[in-house]
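See below for the structure under consideration.
The values are calculated or read from the model by the stated rules, or taken from the named source; none is laboratory data. Everything quoted here is computed from the prediction, not taken from an experiment. Reconstructed Cβ throughout: ideal geometry from the backbone, glycine too, with neighbour counts over all protein chains shown. Calculation scope for accessible area: heavy atoms of the full protein, side chains included, ligands and nucleic acids excluded. Shrake-Rupley method; radii C 1.70, N 1.55, O 1.52, S 1.80 Å.
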Amino acid sequence: MSFADARAFCPDLISQPARPDLDRAFLASLRRWATRYCPWVGYEGVDGLVLDVSGATHLWGGEPMMLADMRARASRAGLELRLGLGESRGAAWARAHYGAAQSTLTDLPVAALRIDDQMVTALQRLGLRCIGDLTVAARAPLARRFGPDLMLRLDQAMGHVSEPIMPESVAPQFATRMSLPDPIGLTEDVMGITARLLRPLCDKLKAQEMGARRLCLTLRRVDQGHQQVELRLAAPMRDPSRILPLFERGVGEVDAGFGIDQMRIEATLIEPLPAQQIGSGQSSPDQLNDLITRIGTRIGLENIQRFLPADSHIPERAFSIAPAAFSKPETGWVAPRPRPLCLFPPEPIAARGPQPPVQFRWRRMRLTTGRAIGPERIAPEWWLSDDTWRTGLRDYWQVDTREGRRLWLFYTPQNPGWFAQGEFT
């Protein structure tokens, strides 16, 4: 019914927006909890679990004791379970939704066969109200009228057709831990244990063709306190010889207290890193990534940026800036003529005429033109609104001054004037 009609029956009704993502996350945690009873636990729709407890019930003293233990543990957590037990998956589902945990299957309504509402209504009009009525009815007329799905669901519930349970695959845990017989506190000792932990961790990553982007080293002290060293990498890595030196700065700042008796390292963020054939030219990218990581541990990876080409002939729009650790270098730079590395907003220059001025002042400096290369005419992009380009066309010149400055000047013919916008290095 609608919410307004429900409030008419129950004025104190409380409602909240539906969060299917949180429901899925809760059901996943409940599935992990259910593995204490058997290893084969799968999902039953979006609101249930199915367990294959064959060979596991005797560990709890029998089926009734196992169900009682489930209810008791769930009750302590504030949950109420609807349990069903049967020789088949369909029978367990039917008892969980329409009967007691071990009620008689033939006495349950036909809706317990997991069929749609229209089929349930049609069966009830024929006088077939419970599963027992279907088991004694002729199969051929029912199959002709309702199709094969009805007979399939009936056979599944009665155990004549098996339904395999596919347990959820457990994601690999990329973490290693070591408990120490004697506490340690020296930086050299901590780095030595870190090296021993990194080797099996990187082996796990290599086996899964994954690389770590974020690592967390947890150090437990004898007073039960914890210290953590987080390492964010500029690129996926799984080479322990490259990762270990990057921990030195963080480990050196750890307060060991009265000693560290347990260490754990975990890859908290991973990315695919397929195996590649490494040649002699592969060391340069690795060294650059290590340098970005070392600097990023001090100032933050987001603050180390690189320029990427953009699809525009406007100088200010011909590039974009992205964090170097989360982007890849591109070689798509295409320009008809050289561009200055240093760009700044246009600065007016006192000069007249379409040709570069022989002498001009820029930033309180008197400069003399030695050589001028140009012009390069650039038209504004009419589909974009940019106040700095509303004046129209620009004729760009590369001007080498006798004083050593190499400037990028432009002239606006529609509104005569000279401006400086960049400087070549």
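Quick check on region 52-65. Is at least one of its residues of a type outside the set (Phe, Trp, Tyr), open to solvent by less than 90 Å² (accessible area, probe 1.4 Å) and touching a residue at least 40 places away in the same chain (Cβ under 8 Å)?
Yes; the residues of region 52-65 include at least one that is of a type outside the set (Phe, Trp, Tyr), open to solvent by less than 90 Å² (accessible area, probe 1.4 Å) and touching a residue at least 40 places away in the same chain (Cβ under 8 Å).
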If we scan region 206-213, do we find a residue that is among the small types (Gly, Ala, Ser), without any contact (Cβ under 8 Å) to a residue 12 or more places away in the chain and open to solvent by 50 Å² or more (accessible area, probe 1.4 Å)?
yes
Unmet requirement for Asp203, which otherwise passes all of (1) outside any loop (DSSP other than H, G, I, E, B); (2) open to solvent by 50 Å² or more (accessible area, probe 1.4 Å); (3) in contact (Cβ under 8 Å) with a residue 24 or more places away in the chain:
(3)
Going by the conditions given, is Pro340 at negative phi, in contact (Cβ under 8 Å) with a residue 60 or more places away in the chain and open to solvent by less than 30 Å² (accessible area, probe 1.4 Å)?
yes
Flagged pairs (Cβ under 9 angstrom, 6 or more apart or on separate chains; first in region 118-145, closer than 15 Å to Asp107 by Cα and touching a residue at least 24 places away in the same chain (Cβ under 8 Å); second open to solvent by 80 Å² or more (accessible area, probe 1.4 Å) and part of a helix (DSSP H, G or I)) are Cys130/Asp107; Ile131/Asp107; Gly132/Asp107
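What tally of residues in region 377-408 results from selecting those that are under 21 Å from Arg366 (Cα atoms) and over 46 Å from the mean Cα position of the chain (by Cα)?
10
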Can you name the number of the only condition in (1) at pLDDT 90 or above; (2) open to solvent by 90 Å² or more (accessible area, probe 1.4 Å) that Ala25 fails?
(2)
If a residue must be closer than 30 Å to Glu209 by Cα and open to solvent by 80 Å² or more (accessible area, probe 1.4 Å), how many such residues does region 144-178 contain?
6
Of the conditions (1) assigned to a loop (DSSP other than H, G, I, E, B); (2) within 14 Å of Phe419 (Cα to Cα); (3) open to solvent by 50 Å² or more (accessible area, probe 1.4 Å); (4) of a type outside the set (S, T, N, Q), Pro357 satisfies every one except a single condition; which number is it?
(3)
Restricting attention to region 273-305, report how many residues are modelled with pLDDT under 80, open to solvent by 90 Å² or more (accessible area, probe 1.4 Å) and either part of a helix (DSSP H, G or I) or acidic (Asp, Glu) (or both).
1
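How about region 306-328: which of its residues are touching a residue at least 60 places away in the same chain (Cβ under 8 Å) and either under 30 Å from Trp397 (Cβ atoms) or open to solvent by 30 Å² or more (accessible area, probe 1.4 Å) (or both)? I'd like the intermediate steps shown before the answer.
First pass over region 306-328, keeping only residues touching a residue at least 60 places away in the same chain (Cβ under 8 Å): 312-317, 324-325.
Ser312, His313, Ile314, Pro315, Glu316, Arg317 - these are the residues of region 306-328 that are touching a residue at least 60 places away in the same chain (Cβ under 8 Å) and either under 30 Å from Trp397 (Cβ atoms) or open to solvent by 30 Å² or more (accessible area, probe 1.4 Å) (or both).
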Tally the residues that are under 19 Å from Gly353 (Cβ atoms), crowded, with 16+ Cβ neighbours inside 10 Å and among the basic types (Lys, Arg), restricting the search to region 367-423.
1
Unique residue being more than 22 Å from Arg232 (Cα to Cα) and in a strand (DSSP E or B) when the list is Asp155, Asp182, Asp189
Asp182
Return yes when Ala137 is of a type in the set (A, V, I, L, M, F, W, C) and surrounded by fewer than 17 Cβ atoms within 10 Å (Cβ to Cβ) and no when it is not.
yes
